Amino acid sequence: MTMTTLFARMRLALLAAAFLGVSACGSDGPTSPNSSGKVTGTWILDDIDEEDLPVAVHRGPYLDPNTGAFFNNYVLRISSGYLEIRENETFYLVFQIRIEADGQTAGGSMELEGEWDLVDDEVVLRVQVPFAGMQMLEREDGMLHTDIDFLGLGEEAHLHFRR
């Protein structure tokens, strides 16, 4: 299997797991008065699980459900990302990733696009490209945050986005 094929397969599995098996994070406090209710603009991925980037969101074995390929040592790192919430009710989300799988290494970006809505203190992202899905982000303390299980293994990572 070539590196390009390996990366393409791992990326598809990662994308599907990330946004079809996600859960929203609960909020402990009110929305920050500094946000003034405005959510449009560019939000930069600040940290994951309160760790500075890059962060390994998975380290260990992994069975790719799409290809059946098994990896004894699979490391998925998120090195950066941002969310652009546009005035026309569309969004663009991108993560820079690096995958190390049994000695093979690949890197690139995961890009998601769709529409968004504001429901109470949650920003609801309706992913349309490259597949259909939904993700909810809480607004709190001037930040957006959410939990994502990137590989569908029950290992949720808590992401904070800051303007």
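The values are calculated or read from the model by the stated rules, or taken from the named source; none is laboratory data. Not measured: the values here are computed from a predicted model. Note that each Cβ is placed from the backbone with ideal geometry, even for glycine, and that neighbours are counted across all protein chains shown.
Below is a table of values for the structure above.
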{"item": "Residue selected from segment 107-121 under the condition buried (at least 18 other Cβ atoms within 10 Å of the Cβ) and at pLDDT below 95, by the criterion farthest from Pro61 (Cα to Cα)", "result": "Leu112"}
{"item": "Residue match in segment 67-83 (condition: surrounded by fewer than 13 Cβ atoms within 10 Å (Cβ to Cβ) and small (Gly, Ala, Ser))", "result": "yes"}
{"item": "Selected residue [in contact with a strand residue (DSSP E or B) (Cβ under 7 Å, 6 or more places away or on another chain) and under 21 Å from His158 (Cβ atoms)] from Val119, Val123, Val129", "result": "Val123"}
{"item": "Failed condition for Ala56, given (1) over 17 Å from Arg163 (Cβ atoms); (2) over 18 Å from the mean Cα position of the chain (by Cα); (3) of a type in the set (Gly, Ala, Ser)", "result": "(2)"}
{"item": "Extreme residue, farthest from Ile85 (Cα to Cα), among residues of segment 125-151 that are surrounded by fewer than 15 Cβ atoms within 10 Å (Cβ to Cβ) and without any contact (Cβ under 8 Å) to a residue 24 or more places away in the chain", "result": "Ala132"}
{"item": "Segment 41-66, residues that are touching a residue at least 40 places away in the same chain (Cβ under 8 Å), more than 19 Å from Gly154 (Cβ to Cβ) and in contact with a Leu (Cβ under 9 Å, 6 or more places away or on another chain)", "result": "Thr42, Trp43, Ile44, Leu45, Asp46, Asp47"}
{"item": "Counted residues, segment 67-104 - those being farther than 23 Å from Glu122 by Cα, in contact (Cβ under 8 Å) with a residue 12 or more places away in the chain and not small (Gly, Ala, Ser)", "result": "16"}
